[in-house]
Amino acid sequence: MAKQWRGVLHEYADRLDVSAATPIISLGEGGTPLIPAPALSARTGAKVFIKYEGMNPTGSFKDRGMTMAISKAVEHGAQAVICASTGNTSASAAAYAAHAGITAAVLVPEGKISMGKLSQAVAHNGQLLQVQGNFDDCLDIARDLAANYPVHLVNSVNNDRIEGQKTAAYEVVEVLEDAPDFHILPVGNAGNYTAYSRGYTEELARGATTKMPRMFGFQASGSAPIVLGHVVKSPETLASAIRIGNPASWELALAAREQTNGYFGAIDDETILAAQRILSAEVGIFVEPASAISVAGLLERAEAGEIPKGAVVVLTVTGHGLKDPQWALRRADGSEVTPTSVPVDVPTIADVLGLVAGGLK
Ligand code: AN7
């Protein structure tokens with residue numbers, strides 16, 4: 001077992017608030033690949049890398065924060081945890097709670113989370129309730145319950161979540177042997193934006209890097225409170241993971257933008273889907289729509305002349321494409337993809353594939 005990655009709490013025990021008294025609840029999260037993306041480098045002139053967080057145990061970056069939050073909850077004697085979620089947090093909380101042998105209650109906006117995420121929360125035995133409201137309503141309720149009942153809140157307003165998630169920045173620095181020039185990621189509650197900024201700040205302070213990356217965060221146009229500068233009462237976007245109108249880490253994210261000379265931008269839904277297709281078809285990485293906003297943001301900023309040639313750019317893609325696969329079966333013009341049906345007959349299939357007998361392979 002010597003070579004197996006041991007999860008972020010073991011790997012970074014010296015840099016996190018864990019001690020011998022902390023029962024480490026881990027599913028082997030973290031240690032995700034940083035993958036060069038030559039097709040995106042060719043499109044932009046930058047050196048582009050993808051931090052592929054879909055490779056985490058439940059298929060999203062949330063596992064980094066959840067291992068920390070659940071471990072600390074158990075250390076403090078919690079028997080039950082609660083979270084509000086657009087889907088990925090609920091999947092992760094349910095999985096880690098199951099591993100720890102405690103209960104997870106999860107509140108999700110009714111009809112607004114993907115089938116993959118819903119099925120994960122159910123499979124891991126989460127007490128899942130669909131609330132007749134949006135994510136922001138769910139978070140208000142979760143906070144209220146945690147304040148007044150014996151249940152431990154594991155949303156990213158819990159600092160343990162941010163602490164766990166900052167390890168992704170450590171991993172990027174380990175591979176690049178410095179910070180990138182730019183780091184681009186999706187923004188919903190802005191917890192991850194805050195977490196990366198914290199991780200990079202620590203790396204600079206201990207001399208592991210020579211600079212801070214400029215942190216660029218992107219929200220969906222219909223759910224862009226930080227870009228607009230005000231709460232969005234009825235957020236809308238097909239990128240359901242980031243359908244959030246009142247981000248929990250708003251103030252921290254503004255401070256991080258200030259500190260890193262960062263930027264927040266908005267991307268419309270069709271452009272998000274176009275970016276998802278580019279990443280799938282040209283790089284070979286399948287992500288959910290919310291994650292594709294990193295790619296859309298890169299292309300938009302490069303087009304605007306804001307990314308110098310040769311700059312090192314890391315894009316975090318936060319969740320796996322299998323979480324919410326329906327969008328891949330929809331073409332740019334809105335039509336549905338229906339795979340061509342063929343008989344059990346080699347010449348016919350060769351013909352449909354455009355293969356010519358005896359021709360070059
Ligand atoms: C794939 O699961 O908020 O800005 O409740 O699932 O740290 O909130 C998910 C957020 C980006 C935004 N990409 O991260 C939830 C939830 C994916 C996500 C985000 C989420 P934050």
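Computed from the coordinates by the stated procedures, all read-outs in this text should not be read as laboratory data. From a predicted model like this one, the values you see are computed outputs, not experimental measurements. Heads up, the Cβs are rebuilt from the backbone with ideal geometry, glycines too, and the neighbour counts pull from every protein chain shown.
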Provide the per-residue ³J(HN,Hα) series for the range 63-69, in order, calculated from phi with Karplus coefficients 6.51, -1.76, 1.60 and θ = phi - 60°, each as a whole number of Hz, with x at glycine and proline positions.
4, 4, x, 6, 4, 5, 5
List the residues whose amide H sits under 5 Å from the amide H of LYS51, counting only those 5 or more places along or on another chain, with H placed 1.01 Å from N in the peptide plane.
ILE35, LEU315, THR316, VAL317
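Are there any chymotrypsin sites (Phe, Trp or Tyr not before Pro) in the range 260-300 that are in a DSSP loop and have at most 10 other Cβ atoms within 10 Å? List them by number.
Values: sites: TYR263, PHE264, PHE286; in loops: PHE286.
Qualifying residues, ordered by number: none.
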Mean separation of Cα contacts under 8 Å (at least 6 apart) over the residue count of the range 96-159, i.e. the relative contact order in percent, is 32
Rounded to the nearest Å, what's the spacing between the alpha carbon centres of the range 286-361 and the range 175-236? Just the number, please.
26
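If I stretch the segment between HIS76 and LEU322 completely, what's the gain in nm (0.36 nm per residue apart, minus their alpha carbon distance), one decimal?
85.1 nm
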Check which residues have an amide H placed less than 5 Å from GLN127's amide H, if you skip close sequence neighbours.
ALA104, ALA105, VAL106
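Quick one: work out the % antiparallel among DSSP beta bridges in the chain, nearest 5. Don't jump to the answer; show the numbers that get you there.
On the way: 6 of 37 bridges.
Within the chain, antiparallel bridges account for around 15 percent of the total.
For GLU306 and GLN127, FRET efficiency with R0 = 51 Å and r from the beta-carbon atoms, rounded to 0.05?
The calculated FRET efficiency here is 0.65.
Please give the contour-minus-distance gain from VAL346 to LYS211: 0.36 nm per residue of separation, less the Cα-Cα distance, rounded to one decimal in nm.
On the way: separation 135, 0.36 × 135 = 48.60 nm, distance 5.86 nm.
Stretched out fully, the VAL346 to LYS211 stretch lengthens by 42.7 nm.
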Residue by residue through the range 302-308, which ³J(HN,Hα) values in whole Hz follow from phi under the Karplus form 6.51 cos²θ - 1.76 cosθ + 1.60 (θ = phi - 60°), with glycine and proline marked x?
5, 4, 6, x, 8, 10, x
Given a 10 angstrom Cα cut-off, can you work out which residue in SER223, SER119, SER90 is the most mobile in a GNM of the chain?
SER119
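Let me spell out the model: positive unit charges on the Cβ of Lys and Arg, negative unit charges on the Cβ of Asp and Glu, origin at the Cα centre of the chain. What dipole size does that give, in debye rounded to 20?
Numbers: 28 positive and 37 negative charges, 75 e Å.
Computed about the Cα centre, the dipole is about 360 debye.
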Tell me, what HN-Hα J-couplings in whole Hz come from the Karplus equation 6.51 cos²θ - 1.76 cosθ + 1.60 at θ = phi - 60° for each residue of the range 47-55, using x for Gly and Pro?
9, 9, 10, 10, 8, 8, 7, x, 7
